[in-house]
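Student: My structure is below; once you've seen it, I'll send some questions.
The values are calculated or read from the model by the stated rules, or taken from the named source; none is laboratory data. Bear in mind the structure is a predicted one, so any value in this text is a computation, not a measurement. Every residue, glycine among them, receives a Cβ derived from its backbone with ideal geometry; neighbour counts consider all protein chains shown.
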Amino acid sequence: MKQYAYYPGCSLESLGKNYNISALAVSDELGVEMKELEDWNCCGATAYFPVDELLAYTLVSRNLAIAEKTGLQDFIAPCSACYKNAYTTNKYLKIDPDLAEHINYALEEDHLHVEGKMKVRHLIEVFIEDVGLEEIEKKVAHPLKGLRVAPYYGCQIVRPRKDKEDVENPQFFEKLISAIGAEPIDYAYKTRCCGGSLIITNRKAALDMVYKLLQDAVNSNANVIATTCPMCNVNVEVYQSQVNREFGTNFSIPVMYFTQLMGMALGIEPKRIGVGASMLSLAQSTAN
Amino acid sequence: MTERIGVYVCHCGTNIAGVVNVAEVSQWSGEKLADNGVVIARDYKFMCSSLGQELIQKDIKEQGLTRVVVAACSPHLHERTFRNACKGADLNPYLCELVSIREQDSWVHTDKVAATEKAKAIISGGVMRVAHHEALEPLRVPIHPDTLVVGGGIAGIQAALEIADAGFHVYMVEREPSIGGHMAQFDKTFPTLDCSACILTPKMVDVGNHPNITLLTWSEVTKVDGYVGNFAVTIKKKARYINEELCTGCGICWEKCPKKVVDDVFEAGLGNRKVVYTPFPQAVPKYPVLDAPNCTYFLKGTCKACEKFCPTGAIDFEQKDQDITVQVGNIILATGWDLFDVRRIPQYGYGKLANVFTNLEFERLGNAAGPTGGNIVLRDGKTVPKAVGIVHCVGSRDQNYNPYCSAICCMQSLKFAHLVHERTGAEVYNFYIDMRTPSKGYEEFYQRLLEEGTHFVRGKVAEVTNIARVPEEEGKLIVQVEDTLIGKQRRIPVDMVILSAGLQARHDAKEVGKLFGISCSADAWYIERHPKLDPVATMTEGVFIAGCAQGPKDIPASVVQGAAAAARVLGKIQQKEISLEPVRATINEEQCSGCRICNDLCPFSAILFHEDTMVSEVNPALCQGCGTCVAGCPAGAISGTGFSNEQVLAQIEGLLMLNLKRLEAVPA
Amino acid sequence: MAVELSFTKEIENIMYASHGKPIKDCIQCGTCSGSCPAVEFMDNSPREVIGMIGANLKEEVLATNTYWTCASCYQCTVRCPAGIDIADMMYALKRYSMWKGQYKEGLLGPDFSEAFVKMIVNSGRSFEPILAATYLPKYSARDIIQEGLTATGLVLSGKMPLLPKKVKRLKNLQRMVRRIIPIGETK
């Protein structure tokens, strides 16, 4: 089994618990091993950069250093914000030796050293690129036929540019959805922001963004919205009722992590992928 | 040293004298370099002036100078001035050396003491070198009076007509079935709103009928050998499958042809054409072309309708591509531009949202001979838009795509606005960052559009979407943009969006440039000899560029460049002979081992390899004297007249002042 | 020779230098503001703020809510034709504003960020209930009740931990933090 240095991030231990258990269950099923980093710390999400940039990079670097110590090649983050932080920090460590020196000076206190040699990837990339869509298709026990899935990329998985796909119209999520037998729907706001931490600091703005996103997904006849980030998932799922109150709508569309959908297609028991514990029941709106 | 060397140190006003102590340098040269042959050293305010030059000439005559060293600005500027001055005093011009103590000294240093010492070293180098100079005569090569013009757009047409009207023969090569270029696709031209075809076709007809022009359409250049005055160009005439001797251009073949394909070139994908076709009714020449890859006969062996119905039997399915070689003295490249691919900007919706059009598509919409008969309608072919949004700067002025401005899109966008007003009465919104209307009549044209009630929104469009948020937006295309003049994000519903896509170099510009021995800039436009003072010549003698191939420009500027290139060519032809700089590399045959390393190093493709004798030879007419092969030859078999090993090593010795140390070491 | 830095230069200095073009390259085209999903909630559009920085209007910039309304979605950054990393500039403005302690009244962002930083320094991991203490006092009664309901739902579905987690080598982490900036002496 290929091993990956797995960085769950704080959300996956609390609000995103279902993401974590489904991610591990799916990885297990597909023959890849996610080895959780020991004693990892919070990456700071979007809250550290408003205070001190160097400290923000240092916090992320501690996790990268811990990963480098394991000798594994890939640093996997399931949360888009953690992924974006780790990716950009890793990049800067490589191209800016002054930054690396300063950070390593701080890391000495925990007997760590970072070089920037990890390959930082989002969890979804491991399934699409390493396991491969063909392999996944083969292992699908219950293709999700007729299920119209809105792939919600959100912002930080594609932006800023990470030397990958087209930032305006990426297609990798759709391909994965097709591979598990479901029908990916095409809708304009798939990479539009969910509001992120604005849900706390400027609720009005965030609710407006969630509202527009829900409206587009629902108008495009989605049965379920699939996410790749716990922040996006919480904003779009947990606050749907607030959106309804604020804008006089009556959205009740289920929002699930892509790993949960994969788990269902691969035939993993609901308990192992956190289905049923979802706030809004999927059963209400699946076609089958 | 039996040479008698004169050293002249220029003040260049305060440019040199402000940093270098020119009087001290001049005096030093006269004293310390006397043992190296310096018999007189002077300094003067402006050596390049007539008085300065006369100073040199006087000394040559009175002091019997055999060599001259001028320490002044860069040779790029005044090498020719001083060489001519020497020539005027009957001293071979190549016995004069100009060393730069301005660009390489006074302009780059602030430490006056150090700069003065450096000037001395530079002059010392020049003096040591010039002793090894030889009297050279420029090469004279005959100029073949024929000219090759590549590209049949407006720039190429202008160039060809000027040369042909002057009585000299021109070969015009065009890769499409007809000449006319992009201008033939347009409806109207700014700012006069002349019908494009009406002003273009008379010139096209002139080219087609001109006794001095051999028109080769549906053809491409495949090889260029030779050098200025003597190019041997191989042209592939692609098979038209039409016998031009028999064809009358009656048009029955394309009428009867049962197969239609999308016309991606002339109709910009908006309309169709037949498999055997002429691209547009006024095509020159009138002969159609058969598109073999799409032809039923070539694909399946059936049909042949065109052959059956042709009254003169001009269809020839057996026709083959033909290679011909022509001799020409000069070449003008006027190969034009390609359109920026707007699909690279997915947020503008082209391809996804039906009623988003490119500028070329809109030209075809508006053109009376186009697929909609000149009616401005949506993709359904019948609905007339009530509101149109025109987006400026698509793919231009953008680090993510092309950083340059495409020069014509503001005027083109204004022109579209006018046409939409005129033909549909729709509301028109132009979304711009700046309004670039510099030339004659252009600002007035903008004024006219303001008076017509065009809505100008200053903001670069962020997205074009069909996701409605309010009822007024349902079923419309929404242009989302910040109206920067009022500081608000606006969503403006329209029926049609026109993207003013930018101009780009032809997709194969680099390969084509290599054929002719010229280079492209980073943006792939051809590089001119000097961007301000010599925009139509290239660094390769005998090859000129004109029109958009050199960079985005409007029709008047393309015409001007075509005429300028023609004038340069005519000037060369008139001289019957041109003289080339004798500073060239030569290969010592006996030392050459035939390794051919130099062949590929040469940036001007000036080195030939003789298979029979297994040695390389430098073509002196193509060689620009860059010295790359001299450095690259592992056997040291190549040396340059004007930069021989002795000359360069002597100059280095002089720069390091080893000549002085040596002299001082000699006991008195 | 000490030079008084202009506000423009100060902001440029705070932006991380190794990527993106300087904000003085801005041609004021408005693509950023046209793309921003939160612009309707901003006092000034992102483009306006860049203009204000260029004009050295420090007080006005600090007083606007624009950069605290930024969600860091980076749509502006990827589309900017001048190659400026505008989202990063928003972070730089946040840092400047926190450093000077100067920002528009009634904003929750500054307190939230400060609480978050303190929380990480104290435990190395994020724990939502602590953060609630920063913003709940500023919410309306209706919103507080709503938050309570949401939270209850989350706890019942097992998604809200009741106890904060801590990093094992917390002391090392805290010393590490202090090597960067001197915080963490509290509690």
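Student: Given the condition among the β-branched types (Val, Ile, Thr), under 24 Å from B:GLU134 (Cα atoms), in a loop (DSSP other than H, G, I, E, B) and out of contact with any Phe, Trp or Tyr (no Cβ under 9 Å at 6 or more places or on another chain), answer yes or no: does some residue in segment B:43-60 qualify? Walk me through how you get there before you give the answer.
Tutor: From segment B:43-60, those among the β-branched types (Val, Ile, Thr) are B:56, B:60; that's our starting set.
Retained after the next criterion (residues that are under 24 Å from B:GLU134 (Cα atoms)): B:56, B:60.
Next cut, in a loop (DSSP other than H, G, I, E, B) only: none.
The answer is no; no qualifying residue exists.
Student: So how many residues does segment B:382-395 have that are surrounded by fewer than 24 Cβ atoms within 10 Å (Cβ to Cβ), outside any strand (DSSP E or B) and either within 14 Å of chain C (Cβ to nearest Cβ) or at pLDDT 95 or above (or both)?
Tutor: Narrowing segment B:382-395 to residues surrounded by fewer than 24 Cβ atoms within 10 Å (Cβ to Cβ): B:382-387.
Applying the additional criterion that residues be outside any strand (DSSP E or B) yields B:382-386.
Those left that are additionally either within 14 Å of chain C (Cβ to nearest Cβ) or at pLDDT 95 or above (or both): B:383-386.
Number of matching residues: 4.
Student: Is there any pair with a first residue in segment C:143-166 that is facing chain A (nearest Cβ under 10 Å) and a second that is in a helix (DSSP H, G or I) and among the aromatic types (Phe, Trp, Tyr) whose Cβ atoms are under 9 Å apart and which are 6 or more apart or on different chains, and what are they?
Tutor: Listed pairs, sorted by first residue: C:GLU147/C:TYR135.
Student: Oh, and also: When the residues of segment B:398-422 are filtered to those that are out of contact with any Lys or Arg (no Cβ under 9 Å at 6 or more places or on another chain) and of a type in the set (Gly, Ala, Ser), which remaining residue is farthest from C:ASP25 (Cα to Cα)?
Tutor: Looking only at segment B:398-422, we keep the residues that are out of contact with any Lys or Arg (no Cβ under 9 Å at 6 or more places or on another chain), and these are B:402, B:412-413, B:416-417, B:420-422.
After this cut, where a residue has to be of a type in the set (Gly, Ala, Ser) as well, the list is B:413, B:417.
Numbers: B:SER413: 26, B:ALA417: 30 Å.
Going through the qualifying residues, I end up with B:ALA417.
Student: Within segment A:113-143, can you find the residues that are in contact with a strand residue (DSSP E or B) (Cβ under 8 Å, 6 or more places away or on another chain) and assigned to a loop (DSSP other than H, G, I, E, B)?
Tutor: Hit for segment A:113-143 is A:MET118, nothing else.
Student: Restricting attention to segment B:70-92, does a residue exist that is in a strand (DSSP E or B), among the β-branched types (Val, Ile, Thr), modelled with pLDDT under 95 and closer than 15 Å to B:VAL130 by Cα? So that I can check it myself, show each step before the final result.
Tutor: Within segment B:70-92, the first condition is being in a strand (DSSP E or B), and the residues that meet it are B:70-72.
Subsequent filtering for residues that are among the β-branched types (Val, Ile, Thr) retains B:70.
Next, only the ones that are modelled with pLDDT under 95 stay: none.
The answer is no, given that none of the residues of segment B:70-92 is in a strand (DSSP E or B), among the β-branched types (Val, Ile, Thr), modelled with pLDDT under 95 and closer than 15 Å to B:VAL130 by Cα.
Student: Scan segment A:136-164 residue by residue and report those that are within 14 Å of chain C (Cβ to nearest Cβ) and not basic (Lys, Arg). I'd like the intermediate steps shown before the answer.
Tutor: Taking segment A:136-164 and keeping what is within 14 Å of chain C (Cβ to nearest Cβ), we get A:152-164.
Of everything in segment A:136-164, those that are within 14 Å of chain C (Cβ to nearest Cβ) and not basic (Lys, Arg) turn out to be A:TYR152, A:TYR153, A:GLY154, A:CYS155, A:GLN156, A:ILE157, A:VAL158, A:PRO160, A:ASP163.
Student: Restrict the check to segment C:121-136 and report whether at least one residue is facing another protein chain (nearest Cβ under 8 Å), in contact with an Asp or Glu (Cβ under 9 Å, 6 or more places away or on another chain) and in a helix (DSSP H, G or I).
Tutor: Within segment C:121-136, one or more residues are facing another protein chain (nearest Cβ under 8 Å), in contact with an Asp or Glu (Cβ under 9 Å, 6 or more places away or on another chain) and in a helix (DSSP H, G or I).
Student: Which ones in segment B:402-446 are assigned to a loop (DSSP other than H, G, I, E, B) and more than 14 Å from chain C (Cβ to nearest Cβ)? Even if it seems obvious, please write down each step before you answer.
Tutor: Going residue by residue through segment B:402-446, those that are assigned to a loop (DSSP other than H, G, I, E, B) are B:402-408, B:425-426, B:433-441.
Those that are assigned to a loop (DSSP other than H, G, I, E, B) and more than 14 Å from chain C (Cβ to nearest Cβ): B:ALA407, B:ILE408, B:GLY425, B:ALA426, B:THR437, B:PRO438, B:SER439, B:LYS440, B:GLY441.
Student: State which residue is surrounded by the most Cβ atoms within 10 Å (Cβ to Cβ) when the search covers only segment C:19-35 and only residues that are more than 7 Å from chain B (Cβ to nearest Cβ) and under 22 Å from A:CYS193 (Cα atoms).
Tutor: In the first step, residues of segment C:19-35 are kept if they are more than 7 Å from chain B (Cβ to nearest Cβ); the result is C:19-26, C:32.
Next, from what is left, pick out any that are under 22 Å from A:CYS193 (Cα atoms): C:20, C:32.
On the way: C:GLY20: 20, C:CYS32: 29.
Looking at the filtered set, the residue picked out is C:CYS32.
Student: Related question: Applying the selection to segment B:450-465, what residues are more than 14 Å from chain C (Cβ to nearest Cβ) and touching a Ser or Thr at 6+ places or on another chain (Cβ under 9 Å)?
Tutor: Narrowing segment B:450-465 to residues more than 14 Å from chain C (Cβ to nearest Cβ): B:450-455.
Those that are more than 14 Å from chain C (Cβ to nearest Cβ) and touching a Ser or Thr at 6+ places or on another chain (Cβ under 9 Å): none in segment B:450-465.
Student: Restricting attention to segment C:106-118, report how many residues are facing another protein chain (nearest Cβ under 7 Å) and either touching a residue at least 60 places away in the same chain (Cβ under 8 Å) or assigned to a loop (DSSP other than H, G, I, E, B) (or both).
Tutor: 2
Student: Return a yes/no flag: does segment A:19-29 have any residue that is more than 9 Å from chain C (Cβ to nearest Cβ) and free of Cβ contacts under 8 Å to residues at least 24 places away in the same chain. Full working, then the answer.
Tutor: Step one: filter segment A:19-29 for residues more than 9 Å from chain C (Cβ to nearest Cβ), giving A:19-29.
Checking which are free of Cβ contacts under 8 Å to residues at least 24 places away in the same chain leaves us with A:24, A:28.
Yes, there is a match, as at least one residue in segment A:19-29 is more than 9 Å from chain C (Cβ to nearest Cβ) and free of Cβ contacts under 8 Å to residues at least 24 places away in the same chain.
Student: Then there is this: In segment B:251-276, how many residues are among the hydrophobic types (A, V, I, L, M, F, W, C), over 16 Å from B:PRO371 (Cβ atoms) and in contact (Cβ under 8 Å) with a residue 24 or more places away in the chain?
Tutor: Of segment B:251-276, the ones among the hydrophobic types (A, V, I, L, M, F, W, C) are B:252-254, B:257, B:261-262, B:265-266, B:268, B:270, B:275-276.
Within this subset, residues satisfying the condition of being over 16 Å from B:PRO371 (Cβ atoms) are B:252-253, B:257, B:275-276.
Narrowing further to those that are in contact (Cβ under 8 Å) with a residue 24 or more places away in the chain: B:252-253, B:257, B:276.
Here the count works out to 4.
Student: Pull up segment C:49-78, narrow it to residues that are within 22 Å of A:VAL210 (Cα to Cα) and not hydroxyl-bearing (Ser, Thr, Tyr), then point me to the one that is surrounded by the most Cβ atoms within 10 Å (Cβ to Cβ). So that I can check it myself, show each step before the final result.
Tutor: As a first pass, look at segment C:49-78 and keep what is within 22 Å of A:VAL210 (Cα to Cα): C:65-78.
If we keep only those that are not hydroxyl-bearing (Ser, Thr, Tyr) as well, we get C:65, C:68, C:70-71, C:73, C:75-76, C:78.
On the way: C:ASN65: 19, C:TRP68: 23, C:CYS70: 31, C:ALA71: 27, C:CYS73: 25, C:GLN75: 28, C:CYS76: 25, C:VAL78: 20.
Per the stated criteria, the residue is C:CYS70.
Student: Could you say whether any residue in segment A:188-198 is facing another protein chain (nearest Cβ under 7 Å) and part of a helix (DSSP H, G or I)?
Tutor: Within segment A:188-198, one or more residues are facing another protein chain (nearest Cβ under 7 Å) and part of a helix (DSSP H, G or I).
Student: Given (1) of a type in the set (Val, Ile, Thr); (2) touching a helix residue (DSSP H, G or I) at 6+ places or on another chain (Cβ under 6 Å); (3) not assigned by TED's automatic domain parsing to the domain that holds B:THR372, where does B:THR312 come up short, assuming only one miss?
Tutor: (2)
Student: Suppose we filter B:PHE317, B:PHE309, B:PHE340, B:PHE298 for residues that are aromatic (Phe, Trp, Tyr) and within 30 Å of B:TYR442 (Cβ to Cβ); which single one remains? Spell out how you get there, then give the answer.
Tutor: Details: B:PHE317 fails: within 30 Å of B:TYR442 (Cβ to Cβ); B:PHE309 fails: within 30 Å of B:TYR442 (Cβ to Cβ); B:PHE298 fails: within 30 Å of B:TYR442 (Cβ to Cβ).
The conditions single out B:PHE340.
Student: Give me the residue from segment A:35-58 that is in a helix (DSSP H, G or I) and more than 7 Å from chain C (Cβ to nearest Cβ) and, out of that set, farthest from A:MET1 (Cα to Cα). Steps first, please.
Tutor: Initial filter on segment A:35-58 (in a helix (DSSP H, G or I)): A:53-58.
Still in the running and more than 7 Å from chain C (Cβ to nearest Cβ): A:56-57.
On the way: A:ALA56: 33, A:TYR57: 32 Å.
Applying the filter and picking the extreme gives A:ALA56.
Student: I'd like the full set of residues that are part of a loop (DSSP other than H, G, I, E, B), free of Cβ contacts under 8 Å to residues at least 12 places away in the same chain and under 13 Å from B:ARG596 (Cβ atoms), limited to segment B:606-631. Please lay out each step first, then the result.
Tutor: Within segment B:606-631, the first condition is being part of a loop (DSSP other than H, G, I, E, B), and the residues that meet it are B:606, B:611-614, B:619-627.
Filter again for free of Cβ contacts under 8 Å to residues at least 12 places away in the same chain, leaving B:611-612.
Scanning segment B:606-631 gives a single hit, B:GLU611.
Student: Please give the number of the condition C:ALA63 fails out of (1) touching a Lys or Arg at 6+ places or on another chain (Cβ under 7 Å); (2) aliphatic (A, V, I, L, M); (3) closer than 22 Å to A:ASN85 by Cβ.
Tutor: Only one criterion is unmet by C:ALA63, namely (3).
Student: Shifting gears a bit: Could you list, in sequence order, all residues of segment A:227-255 that are closer than 23 Å to A:LEU144 by Cα, aliphatic (A, V, I, L, M) and within 14 Å of chain C (Cβ to nearest Cβ)?
Tutor: Across segment A:227-255, the qualifying residues are A:VAL236, A:VAL255.
Student: Please enumerate the residues belonging to segment A:94-112 that are within 7 Å of another protein chain (Cβ to nearest Cβ) and part of a helix (DSSP H, G or I).
Tutor: We begin by selecting, within segment A:94-112, every residue within 7 Å of another protein chain (Cβ to nearest Cβ); these are A:95-96, A:105-107, A:109-110.
If the condition is that a residue be within 7 Å of another protein chain (Cβ to nearest Cβ) and part of a helix (DSSP H, G or I), then A:ILE95, A:TYR105, A:ALA106, A:LEU107, A:GLU109, A:ASP110 are the ones that fit.
Student: Would you mind telling me which numbered condition in (1) under 30 Å from B:THR147 (Cα atoms); (2) of a type in the set (Phe, Trp, Tyr); (3) at pLDDT below 95 B:TYR241 fails?
Tutor: Result: B:TYR241 fails condition (3) only.
Student: Which one of C:THR66, C:THR8 is modelled with pLDDT under 85 and either hydroxyl-bearing (Ser, Thr, Tyr) or under 19 Å from the mean Cα position of the chain (by Cα) (or both)? Steps first, please.
Tutor: Values: C:THR66 fails: modelled with pLDDT under 85.
One residue alone meets the criteria, C:THR8.
Student: OK, next. Name the pairs whose Cβ atoms lie under 6 Å apart, with the first residue in segment B:73-92 and in contact (Cβ under 8 Å) with a residue 40 or more places away in the chain, the second part of a helix (DSSP H, G or I), and 6 or more positions between them or separate chains?
Tutor: Final answer for the pair search is B:CYS73/B:ARG102.
Student: Only residues that are within 8 Å of another protein chain (Cβ to nearest Cβ), under 23 Å from B:GLY459 (Cα atoms) and surrounded by 21 or more Cβ atoms within 10 Å (Cβ to Cβ): list them for segment C:79-99, please.
Tutor: C:ARG79, C:CYS80, C:PRO81, C:ALA82, C:ASP85, C:ALA87 - these are the residues of segment C:79-99 that are within 8 Å of another protein chain (Cβ to nearest Cβ), under 23 Å from B:GLY459 (Cα atoms) and surrounded by 21 or more Cβ atoms within 10 Å (Cβ to Cβ).
Student: Would you mind finding the one in B:ILE492, B:ILE498, B:ILE486 that is out of contact with any Ser or Thr (no Cβ under 7 Å at 6 or more places or on another chain), within 14 Å of chain C (Cβ to nearest Cβ) and touching a residue at least 24 places away in the same chain (Cβ under 8 Å)?
Tutor: B:ILE492
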